[in-house]
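The values are calculated or read from the model by the stated rules, or taken from the named source; none is laboratory data. What you see is a predicted model; the values in this text were computed from it and never measured. Glycine gets a Cβ as well: all are built from the backbone with ideal geometry, and neighbour counts include every protein chain shown.
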Amino acid sequence: MAEMWISMGPQHPMTHGLWTLRVKVDGETVIDTEPDLGYIHRAVEKIAELRDFTKFTTYCDRLCYASANTWSHAYIYAVENLLEVEVPERAEYIRLVAVEIQRIASHLMWLGAYCPDVGNLTAFVWCLREREMMLDLLQELGGSRLHYNFPRVGGVKRDLPIGFAQRCRTKINLFLNRIQEYEAMLDESTVFLVRTQGVGYAKPEEMVNHGVTGPNVRAGGINYDVRWAHPYSVYDEVDWEPSVEKPSIKGADCYDRYRVRVEEMQQSARMVLDALDKMPGGADTHHQHGDEAILAKAPLRAPEGTSGFHHFEDSRGESMFYIVGGGEQRGKFPYRNSIRSPMFITIPYASKCMIGYKVADIPAIMGSFDPCIGETDR
Amino acid sequence: MGMKIDMEAAEVAANLVVAQGRSRWGGTGLTMEVQHHAGGRFKRPYIRIDCPPQHWLAVAKWLRFDAGVDHCSMITGIHWPEGSDERRWEVVIHLMRMNVIDPPERGNWVEQVVRDASILQEEDVPLEFEVSICLPDTRTPSVPSVQQVWVGADWNEKETWDLGGIDFDGHVGMRRVLLPHDSPVGYHPLQKQHKLRYHDFEEMYDDAQGFQRKPVDAGKIK
Amino acid sequence: MAEGDWLDIRGWVEALSFAIADNTVGMSRFWRQKGTTADILTELIMAVVVFGLIMTTMLVLLWIERKFFARIMDRRGATMAMRSLWVGEGGEHVDWYGLLPFGTGAPFRWLNRWLNKVAGSDHEVESVARVRDRSYHGIWWMLPGFFQNIADAVKFLTKEWMVPTKADKFVFEVAPFIIISSTIMLFAFIPLGPHVWSANPDLSLLFLMAIFGIAPLGVFFAGWSSNNKYTLIGGIRSAAQLTAYEIPLLVTVLAVAVLSGSMNIIEIVEFQMDMDGWNLFLLPLGAALFLITMIAEVERIPFDMPEAEAELVEGWWTEYGGLRWGLLFMAEYLRAYAACLLFAIFFLGGWEPFGGNLVAQYTAFIPGIAWLLIKSWLMFAVFVWVRASLHRVRTDQILEFGWRWLLPLSLVNLGIAVWLRLWVWQGEVWSPLVPGIITAIAVALFVLLAIDEDPESLEGRERPYSVHVKAGPAGPGTHKK
């Protein structure tokens, strides 16, 4: 067959969002790719210049619908660096619980979306079933199902609800049992291994140079995690270890990227359980809104010449906010708010990874990098 | 038990890099100093570099190959229409020393590199860098591209030009990435002359659909 | 010769048409054509009967697909309306029976309490309970969701029919007819029971397999004529994988024919009934091969590359919509149905009851067609099970699998069949030892292969399935280097 360009997207089952991947194929073999982004660019960075620091949290939630909490927390940490705020330790623990539950939910969403990519619908529904449990927990914390607006500058919106710890432990333990079902479904299925092993090799050094971060780079055997490399919360006090894969010398393939996320879910579950045990003041006490144990006083304005930035371990990699103070209304608004999206940098690299594989591998490879277009286009 | 790097080791490592940098780049107008994050539990050190635009490519190569900075996080373009004379445009580049060592190979497999973070010393400590490049008032702001040094800077630079209008010399394949491909030449919405809010009128809320917007040739054509 | 059962539909139809012919043509001056007329009438009526039977019983297939698949996925929705009658949403009871006068609702209350006790939705985790609340696990014999198929059909009927502007309209219109007509033609040769068939030539097996191979041609037509790159790739994939599974399929079927000594489907069934041995126990390898190749033939997961929805949107039928799409979908299920019926006929003893003669003497009141349908429905449940638990393989993998494994194995299977027929079979009933030993060997092999995994050797070897091609950036003529 002659060479031809195929335009996959913006509406295509492979894309997991609204973007276009233009693929040049020679028969069934991919010989060139070209990603095209920007379909849902919402000018969030421009909008940020007209919102004060608390109002912008909701926009951060909406950067990524699958992982809202991690994004608003990344933003809040950057604002706290800008405004020089110390957060109470209990609030840090509650944030950790919220973020790690969100990470589990996000990885479940990824796993659920990945299985149809390689042709199985069953695990998709199983994952969404468990994700619903996680969303229930987050709903108890933040009050809504997807966009929580949970963190505040200097703490969190509200304390753990009464009985939350008990329910959370039950659900996390149930979830840890259910992971075995996925492993029986996927790791022990030759067809799944045939589809994911040896496909989409990504070299570790190359990934770092290309700016790929997070689970994708840990799948390449590199133990790099913002949570210990640039420590920010109470991750040094709870029980966890970074999940790192053991790839082949050709690099990390789709199977490694699948394993690293499954293990990361287990680590997150471990972290949540441990954080509930170690919560200062006990996980069963409940403070009122705005109590100083969960919310510190924070200034409203950032003077001119200040800036704050924060690297954050998002579910998909290293997210980052860089905020320059001193905007309109005597510093009530930021002068510039810049967002680093991990997937914006990863998608071009993932597209390069496909060259040389078959058309059927395109969704298998692209899906394994966990694209989320909401954060990519901002 | 969780792990984290030792804060004192990070402090030492940051000072070491700054000392090396000062001896290498002394007298070129480049300043380098250790600063600290102001919030959070750990006042983590990071290295702030103010770099003249003409030296940026050389500094980048020094950072990449001598200081071991292997990861380009983000590039931000800022427009300061009312800034000082030497700072009308600014490019802020956030880099990280992830300190990745190539994982050792054994047979067909790569060994995992799992290290105890708390014993990392000097060159091994992950560090954050903030590089600021200021440009004077010009209609065509431009800084050297570091696309060849860190491939990760590629799309960051594209985005900075697309939204902020700061061009990168030597960047191969510059194009619109987030805005439509047929956006007008010279239209870069994060420049400060584009405002969302006018006197008594907020475009986002008062005319979200754009019905009241008039075409540019309104009144000229009957 | 196996006895027919009491449901002698063909006999009744013959009697009826002879009576009609006697009283119409037989009364006229064309009385010599009486017999011919009666025969034609018989065949016509039988065709209609078989067609109607197939079409109505096919609804069960769709229902199994929907329900069994949903149950495996733990996605038991779409029937919550019925269950909410007695459980209500969110565990809240509706208690409509409390409104009935004079306590006449009491039996409903008892029933409701009992149902809630037996199949209620209590779970310690409330979100799990909520998911179970949405589900149906009560009155299965009410066939919840069964009549959804009719609603689907009405939806397809009322949709607009659109042909893409630049499609080759003639071929685009003809392709569904090739597929659908050849699919329906299959059932002319598939007997549903000893007396329920519409055509029975001596070489019916040959006819059947020939007709089975027509539809991929229509798929290729449809993919090419739609003028869409996805459909084109889908069509070409269909043509490419055709050879990989069609040849092993034919060789496997040939083995069955060799063992039974006949190319006639009814005689194959009768051979199994007379000789007291289902082919499943004599040719277990053949049964496995037939199952795999038939799944590929009817394009279901894991072999549905022509319509791989992840990368090809909907494969070769992307551009079809409305009634054409509905009919194509129906043809897809009809082919799956044919595959199940053939598996039941070739390997599960056709319309012989489970348990053979021991059971048959007590179950004579159940007609053979019921056994055959139940067997084929169970086979379809296996198809659904496979679909729910496996992923989609890649085009090059099915080609490799077909040529490297299926073809040699099917030849081995043919050899086994020849050996059984020529040297083991003595012209009388199988001794129970023969199927017993073969089945024991097959089960032992299966268990061995299933548990024989050496984790250490897996650890040490390179990823075995890599297919990476060195491909440079695209340029003119790069594919020729």
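Check A:Ser315 against each of (1) within 12 Å of another protein chain (Cβ to nearest Cβ); (2) in contact with a His (Cβ under 8 Å, 6 or more places away or on another chain); (3) among the hydroxyl-bearing types (Ser, Thr, Tyr) and name the one condition it does not meet.
(1)
Would you be able to say whether some residue in the range A:276-284 is crowded, with 24+ Cβ neighbours inside 10 Å and either among the hydrophobic types (A, V, I, L, M, F, W, C) or on the phi < 0 side of the Ramachandran plot (or both)?
Checking the range A:276-284: not a single residue is crowded, with 24+ Cβ neighbours inside 10 Å and either among the hydrophobic types (A, V, I, L, M, F, W, C) or on the phi < 0 side of the Ramachandran plot (or both).
Find the helices (runs of 4 or more DSSP H) located wholly in the range A:214-296 whose residues include 3 or more that are within 30 Å of A:Pro161 (Cα to Cα), and list them.
Output list reads A:226-229, A:254-278.
Would a scan of the range C:214-231 turn up a residue that is assigned to a loop (DSSP other than H, G, I, E, B) and surrounded by fewer than 18 Cβ atoms within 10 Å (Cβ to Cβ)?
Yes: one or more hits.
Which members of the range A:331-374 meet the condition of being assigned to a helix (DSSP H, G or I), away from chain B (no Cβ under 14 Å) and at pLDDT 85 or above?
Correct list: A:Asp361, A:Ile362, A:Pro363, A:Ala364, A:Ile365, A:Met366, A:Gly367, A:Ser368.
Taking A:Gly154, is it away from chain C (no Cβ under 14 Å) and on the phi > 0 side of the Ramachandran plot?
When the stated conditions are applied, A:Gly154 passes them.
Would you mind stating whether B:Thr160 is among the polar types (S, T, N, Q) and modelled with pLDDT under 90?
The answer is no for B:Thr160.
Results for (1) at pLDDT below 85; (2) touching a strand residue (DSSP E or B) at 6+ places or on another chain (Cβ under 7 Å); (3) among the basic types (Lys, Arg), shown as yes or no for each residue.
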residue	(1), (2), (3)
A:Asp187	yes, no, no
A:Gly198	yes, no, no
A:Pro204	yes, yes, no
A:Gly214	no, yes, no
A:Gly220	yes, yes, no
A:Tyr224	yes, no, no
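Take the range C:300-341 and flag every residue that is surrounded by fewer than 23 Cβ atoms within 10 Å (Cβ to Cβ) and either at positive phi or not assigned by TED's automatic domain parsing to the domain that holds C:Met162 (or both).
Those that are surrounded by fewer than 23 Cβ atoms within 10 Å (Cβ to Cβ) and either at positive phi or not assigned by TED's automatic domain parsing to the domain that holds C:Met162 (or both): C:Val313, C:Gly322.
Condition check: among the β-branched types (Val, Ile, Thr) and more than 24 Å from the chain's Cα centre (by Cα). Does A:Ile294 satisfy that?
yes
Identify, from the list A:Leu160, A:Leu141, the residue that is more than 9 Å from every other protein chain (Cβ to nearest Cβ), over 30 Å from B:His71 (Cβ atoms), assigned to a loop (DSSP other than H, G, I, E, B) and at pLDDT 85 or above.
From the options A:Leu160, A:Leu141, the qualifying one is A:Leu160.
Residue by residue, here is whether (1) basic (Lys, Arg); (2) modelled with pLDDT of 80 or more; (3) over 29 Å from B:Ser23 (Cα atoms); (4) over 19 Å from the mean Cα position of the chain (by Cα) holds:
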residue: B:Lys61; (1), (2), (3), (4): yes, yes, no, no
residue: B:Ile78; (1), (2), (3), (4): no, yes, yes, no
residue: B:Gln112; (1), (2), (3), (4): no, no, yes, yes
residue: B:Glu123; (1), (2), (3), (4): no, no, no, yes
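Taking the criterion of being touching a helix residue (DSSP H, G or I) at 6+ places or on another chain (Cβ under 8 Å), within 14 Å of another protein chain (Cβ to nearest Cβ), closer than 17 Å to A:Leu146 by Cα and charged (D, E, K, R), would at least one residue in the range A:58-73 satisfy it?
no
Return the pairs, sorted by first residue and then second, in which the second residue is in a loop (DSSP other than H, G, I, E, B) and among the β-branched types (Val, Ile, Thr), the first residue lies in the range A:200-228 and is at the interface with another protein chain (Cβ under 9 Å from one of its Cβ atoms), the beta carbons are less than 6 Å apart, and the residues are 6+ apart or on different chains.
Pairs that qualify, where the first residue is at the interface with another protein chain (Cβ under 9 Å from one of its Cβ atoms) and the partner is in a loop (DSSP other than H, G, I, E, B) and among the β-branched types (Val, Ile, Thr), are A:Val208/B:Val100; A:Asn209/B:Val151; A:His210/B:Val151; A:Ile222/B:Val100; A:Asn223/A:Val244; A:Asn223/B:Val114.
Quick one: which residue in C:Val163, C:Val196, C:Val154 is among the hydrophobic types (A, V, I, L, M, F, W, C) and loosely packed, with under 12 Cβ neighbours inside 10 Å?
Being among the hydrophobic types (A, V, I, L, M, F, W, C) and loosely packed, with under 12 Cβ neighbours inside 10 Å holds for just one of C:Val163, C:Val196, C:Val154, which is C:Val154.
Determine if the range A:119-132 includes at least one residue that is without any contact (Cβ under 8 Å) to a residue 60 or more places away in the chain, more than 10 Å from every other protein chain (Cβ to nearest Cβ) and over 17 Å from A:Asp370 (Cα atoms).
no
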